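Here the structure comes first, spelled out in structure tokens, and everything after it is commentary.
The values are calculated or read from the model by the stated rules, or taken from the named source; none is laboratory data. Please read all numbers here as calculations on a predicted model, not as lab measurements. Every residue, glycine among them, receives a Cβ derived from its backbone with ideal geometry; neighbour counts consider all protein chains shown.
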Amino acid sequence: MATTQPDIELQLIGLVKQGDPAALRTVYSTYIRYLTAVCSRYVLNNEDVKDVLHDSFLKIFDAIGSFEYRGKGSLKGWLTRITVNQALKFLHDNSRMEFVEISDREQDISDEEPCADSIPPSVIYNLIREMPDGYRTIFNLYVIEGKSHKEISALLNIKESTSASQLHRAKSMLAAKIRQYQTLTPIPT
């Protein structure tokens with residue numbers, strides 16, 4: 001009988017919990033690229049990303065004993081949550097996020113969203129990274145991580161309305177950046 005992916009993950013977690021150095025290296029090498037991408041959505045400076053990842057892995061290996069395997073993908077989700085939380089802690093500790101509520105009138109302004117289907121994902125990624133820390137953080141938490149405004153407000157210690165207004169501004173800014181990119185980039189024929 002062949003060993004399945006969940007069986008391998010479960011065995012790996014067991015070895016990591018026992019402190020097996022090879023298992024620790026395997027977890028690190030398996031997830032470092034993915035977690036670097038996750039962290040880079042929040043933290044822009046490469047040296048800061050390395051610091052946050054270092055702190056994340058220290059926390060991961062310290063807390064692995066409390067990890068409860070819930071099936072395929074649960075380890076990746078747990079690692080992601082720790083890394084996102086460490087990135088948010090870094091941003092908070094370095095006072096890089098500013099949150100400003102906007103008025104209802106300003107929030108009601110409707111921006112027609114441009115079609116971004118023809119734009120390479122790497123360009124969209126870079127456009128998101130150009131946003132101010134507060135906008136980018138809330139955009140990532142809401143759009144990429146799937147958090148609600150209630151969850152975001154608890155994570156960042158802000159009002160739900162602030163989260164909603166920051167998301168609105170982030171989307172408006174991204175739409176403007178996409179339109180600008182589309183005007184400056186010739187359409188292939």
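Would you call ILE178 hydrophobic (A, V, I, L, M, F, W, C), farther than 21 Å from THR83 by Cα and assigned to a helix (DSSP H, G or I)? Spelling it out, ILE178 is indeed hydrophobic (A, V, I, L, M, F, W, C), farther than 21 Å from THR83 by Cα and assigned to a helix (DSSP H, G or I).
Looking only at the stretch 98-139, filter to residues that are assigned to a loop (DSSP other than H, G, I, E, B) and either touching a Gly at 6+ places or on another chain (Cβ under 7 Å) or among the polar types (S, T, N, Q) (or both); which one of those is modelled with the highest pLDDT?
Narrowing the stretch 98-139 to residues assigned to a loop (DSSP other than H, G, I, E, B): 98-103, 108-120, 130-132.
Next, from what is left, pick out any that are either touching a Gly at 6+ places or on another chain (Cβ under 7 Å) or among the polar types (S, T, N, Q) (or both): 98-99, 103, 110, 118.
Values: GLU98: 58, PHE99: 58, SER103: 46, SER110: 44, SER118: 76.
Among residues in the stretch 98-139 that are assigned to a loop (DSSP other than H, G, I, E, B) and either touching a Gly at 6+ places or on another chain (Cβ under 7 Å) or among the polar types (S, T, N, Q) (or both), the one modelled with the highest pLDDT is SER118.
LEU184 fulfils the conditions (1) surrounded by 13 or more Cβ atoms within 10 Å (Cβ to Cβ); (2) more than 18 Å from HIS92 (Cα to Cα); (3) of a type outside the set (Gly, Ala, Ser) except for a single criterion, (1).
So, in the stretch 111-152, of the ones that are buried (at least 19 other Cβ atoms within 10 Å of the Cβ) and among the hydroxyl-bearing types (Ser, Thr, Tyr), which residue ends up nearest to THR36 (Cα to Cα)? If we take residues in the stretch 111-152 being buried (at least 19 other Cβ atoms within 10 Å of the Cβ) and among the hydroxyl-bearing types (Ser, Thr, Tyr), then THR137 is nearest to THR36 (Cα to Cα).
Quick check on the stretch 120-141. Is at least one of its residues more than 16 Å from the chain's Cα centre (by Cα), touching a residue at least 24 places away in the same chain (Cβ under 8 Å) and more than 23 Å from LEU91 (Cα to Cα)? Yes, the stretch 120-141 has at least one match. When TYR42 is tested against (1) of a type outside the set (Lys, Arg); (2) free of Cβ contacts under 8 Å to residues at least 60 places away in the same chain; (3) not in a helix (DSSP H, G or I), only condition (2) is not met.
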